[in-house]
Structure formats: structure tokens, C-alpha cells
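Novice: Mind having a look at this structure? Questions to follow.
Every number in this text was worked out from the coordinates using simple rules, so none of it is lab data. All figures in this text were calculated on a predicted structure; none of them were measured in a lab. When we count neighbours, we look across all protein chains shown, and the Cβ atoms used for this are built from the backbone with ideal geometry, even at glycine.
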Amino acid sequence: MKRRDVLKKVGVGAVGLGAAGMALKPRKARAKKVYNWKMVTTWPPHFPVLGEAADKTAEWIKEMSDGRLNITVYGGGELVPPLQVFDAVSSGTVEMGHGAAYYWAGKHPATQFFAAVPFGLNAQGMNAWLMAGGGQELWDELYARFNLKAWPAGNTGVQMGGWFNKEIKTIDDLKGLKMRIPGLGGKVLKKAGGNAILVAGGEIFTNLDRGVIDATEWVGPYHDSKMGFYKAAKYYYSPGWHEPGTTLECMVNKKKYEALPKDLQAIIDTACAKSNMWSLCQFEAKNEKYLVELVEKHHVKLRTFPDPVLAQLKKYSKELLDELSAKDPFTKKVCDSYRAFQKTYEAWNAISEESYAKLKHL
Ligand code: CA
């Protein structure tokens, strides 16, 4: 006899049980615990793509959590200076941060591998290494030392090589050049005899315009147009050998993240993955339109670095990675993983993406 029939027979239904006070009490609506978090960023407030990605990530998290996780986003300097994002999240002053891992080279040199490596992986390769090639596990291991957890949350794609006031015909043209170029790329420029100068985003144009610096790199045509660099330099070089697929990061204070309910943790995870794709797509969709405008409307002279110049910069980049690996065992572990992955990735790319790219469009 089925259970329902038994209950019917003995005259005990849901109502009966309820009346006896034994079961099926009306469930009390679960109290909706609301978390109010702060996110600090390395970008100026609402900065195109990069700052927008932080804003959108917060919006998506709010939507997906039905208002249970509300994140207020602060641009660089609004709550903490741009380059204190790492410390602010690590210490728990704020719960979240948005930036790029190479800003934290002073905390640990291995952070740079999770943002950009000269002559390293492009956007697709970075995502493949991080998500399926062991990169994320290494990132987690490194950031756990600082009570942090981070995800890839944006990518610029291959950047441009920068704005110059003279043509770069040989490697000697880089000697003595004062260029705003951060991270490992800056260290490579130093090996070529140039001076890598760190200038905050908002001051680059003025410095270039006044000749305080001779050259600058930034991102790509869409962003560079907005920065107005074409008014201060006329040669625009490709490719961005120094930043072939810069990954942006969204980080959380690890203890606070682990104290969240599992569904909210999954929501942060998902919002970062969406942001990762959203940002790359903005650049990929807009760059060409702005490049055409730079060349046709603003008469920018588009150039490509000569092969021997790139070959020499690549040699310096390899030397630099060897030096970094020799100094620190964890950096070596990350570097070895990155290089082994790039080798396999490029071998497959040679017969997939590269041979397809030669076919061009329909
Ligand atoms: Ca850049």
C-alpha cells in the first residue's frame, strides 16, 4: 500500500498532522542577510572599460544575489590611493579590489605573471593558462599568502607598442629614451638602454606634451584616443610586445570571502568570469574603428617595430625571466609553468589560429 493511501485510511492528512502540532509548521521566511561591501580600484572613477568593468561587476553581483551582496565601487583615490588597493583588501579595510596584478610586483615578483609578460601569452592564452593550465592554482597559492583570492576579470587583448616622437629603426633608437612603460616591459626597455618612467595615468599626457617623457605606451586605439596622445606624439607603434594580453583582476579578502554563503561566493566567481569576457570584447570590438580615426582624422603615423628590434627585445625579455627565476623559488615555479604552457599553446596555435588567420575574411 502506498503511503498516501495509508494516511487516507487512518484519516491523517497534512491537516491532521498539523493540528497535532507534529509537523509541517508553516516555514518562517528565511531572514535575508544583506552584505554591504566596498570595492576599491586602481582606475579613475568610471574609467572607460577598466573602471566600467568594476562598476558592472558590482551591478551583476547585486542582480544575481537579489540585493544580498551590495558592493559600492570607489575609483582610485576616492577611498584609498590606486596603488594601495592590494593592501586595503589584504588587510580587510575593504572587501574587494579591481586592478591588475603587475602593480603588486613590490609585494612579490611572481604577481606580474598574472597580468602581462613581454612576449608572453595573448588574451586567449592567458585565459587558457589560468582556467585550464594550472595558472589559477598558482595565483591562489600566491595570493593566499596575503589573505587574498583573485580572478581574471578583464583583458585588454594585444596592446599597442606606444607613442613616439621619432621613428624606431634600430634598437639604438631606444637608448636614452624616456618612456612611460610599467612592469616587466619597463625592465626590458632598461636593458635596451632606455629609461622606464612610472607616471600615473592622469599625468601621462601632460608629461608627453611637455617633453618630460619622450614616449609612452598605454593600451590600444580605443583607450589611447580618449587619452589624447595623438596631440602630443605622431608615431604610433605596433605590436605591444610588452603587454600581449594583459589580464585585469578582481580580488577579495579571502577570510571575508570564505565567510560568505556558498551561493554568494559562486555569484562573485560568475560575475568575474563575465567581466573577463566583457572587457576583452569592448577592446576587440572598438579598437579598429578608433585606429582608423587616429590615422585618417588625426594623421597619426602607424608603424610596426622592425623585426631585429623585436628580436633583441625578446632576447632581453628571456634574460629578465631567467633573472627573476634565479632570485626566488616561487617565481621560478610560476615562470616554469607559464613558459611550459606557452610552448604547448603556441605549438597548437601554429596549426590552428595562425593558419586560420592567413585565410583572412570572406
Ligand atoms: Ca599598457
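Novice: Tell me, what is a quarter of the convex hull surface for the C-alpha atoms of region 224-362, in nm² with one decimal?
Specialist: Value for region 224-362: 13.3 nm².
Novice: Further question on the same structure: Taking only Cα atoms and a 10 Å spring cutoff, compute GNM fluctuations for the chain and point out the largest among 89, 219, 199.
Specialist: Largest GNM mean-square fluctuation: 199.
Novice: Here is a follow-up. Give me the net charge for the shell around residue 198: Cβ to Cβ below 14 angstrom, other residues only, Lys and Arg +1, Asp and Glu -1.
Specialist: My count for the surroundings of residue 198 gives +2.
Novice: Hey, which aspartates and glutamates would be in cross-link range of residue 332, C-alpha to C-alpha under 19 Å, not counting anything within fewer than 8 residues on its own chain?
Specialist: 137, 140, 141, 319, 322, 323
Novice: Taking the chain as the region of interest, what is the percent of Cα-Cα pairs per 10 angstrom bin, listed from the shortest bin to the one with the maximum distance?
Specialist: P(r) over the chain, rounded to whole percents: 5, 22, 29, 22, 9, 4, 4, 3, 2, 0.
Novice: Go through region 153-170 residue by residue and turn each phi into a ³J(HN,Hα) via Karplus (6.51, -1.76, 1.60, θ = phi - 60°); whole Hz please, and just put x for glycine and proline.
Specialist: Coupling constants for region 153-170: 9, x, 8, 7, x, 5, 7, 8, x, x, 10, 10, 9, 9, 7, 9, 9, 9 Hz.
Novice: Would you be so kind as to identify which of 58, 326, 304 lies farthest towards the positive end of the dipole of the chain, taking Lys and Arg as +1 and Asp and Glu as -1 on Cβ and the Cα centre as origin?
Specialist: About the Cα centre, the residue reaching furthest to the positive side is 58.
Novice: As a check on your grasp of the helix formula, calculate [θ] at 222 nm for the chain: sum -39500 (n - 2.57) over DSSP H runs of n ≥ 4, divide by the residue count, round to the nearest 500.
Specialist: Helix contribution divided over all residues of the chain: -14000 deg cm²/dmol.
Novice: To continue, here is another question. Taking 24 Å as the cut-off for C-alpha to C-alpha distance, list the pairs among 234/360; 190/315; 286/318; 175/315; 190/318; 166/226 that go past it.
Specialist: Pairs exceeding 24 Å: 234/360; 286/318.
Novice: Please find, in a Gaussian network model of the chain (springs between Cα atoms separated by less than 10 Å), the residue of 51, 202, 161 whose mean-square fluctuation is greatest.
Specialist: Comparing 51, 202, 161 in a Gaussian network model of the chain, the most mobile one is 202.
Novice: Taking H placed 1.01 Å from N in the peptide plane, check which residues at least 5 places from residue 154 or on another chain put their amide H under 5 Å from its amide H.
Specialist: 248, 276
Novice: Greater than 20 Å separation of Cα atoms is the criterion. Which listed pairs, 187/327; 107/327; 178/297, meet it?
Specialist: Over 20 Å Cα-Cα: 178/297.
Novice: While we're looking at this one, here's another question. For a quick check: with amide H placed at 1.01 Å from N, whose amide H comes under 5 Å from residue 98's, ignoring anything fewer than 5 positions away on the same chain?
Specialist: 40, 41, 42, 251
Novice: HN-Hα J couplings of region 293-309 from phi, Karplus 6.51/-1.76/1.60, θ = phi - 60°, integer Hz, Gly and Pro as x?
Specialist: 5, 4, 6, 7, 8, 9, 6, 6, 9, 7, 9, 10, 4, x, 3, x, 5
Novice: Among 348, 241, 129, which one shows the biggest mean-square fluctuation in a GNM of the chain, springs joining Cα atoms closer than 10 Å?
Specialist: 348
Novice: Here is a further query. For residue 149, what residues show an amide H to amide H distance below 5 Å, using hydrogens built from the backbone and excluding near sequence neighbours?
Specialist: 252, 254
Novice: Give a residue-ordered list of calculated ³J(HN,Hα) values for region 340-346 (Karplus: 6.51 cos²θ - 1.76 cosθ + 1.60, θ = phi - 60°; whole Hz; x for Gly, Pro).
Specialist: 3J(HN,Hα) across region 340-346, in whole Hz: 5, 5, 4, 4, 5, 4, 5.
Novice: Most exposed first by the Cβ proxy, i.e. fewest other Cβ within 10 Å, how do 148, 302, 198 rank?
Specialist: If I rank by nearby Cβ atoms, fewest first, I get 198, 302, 148.
Novice: Now, a different point. Which pairs break 27 Å Cα to Cα here: 262/333; 56/256; 231/289?
Specialist: 262/333
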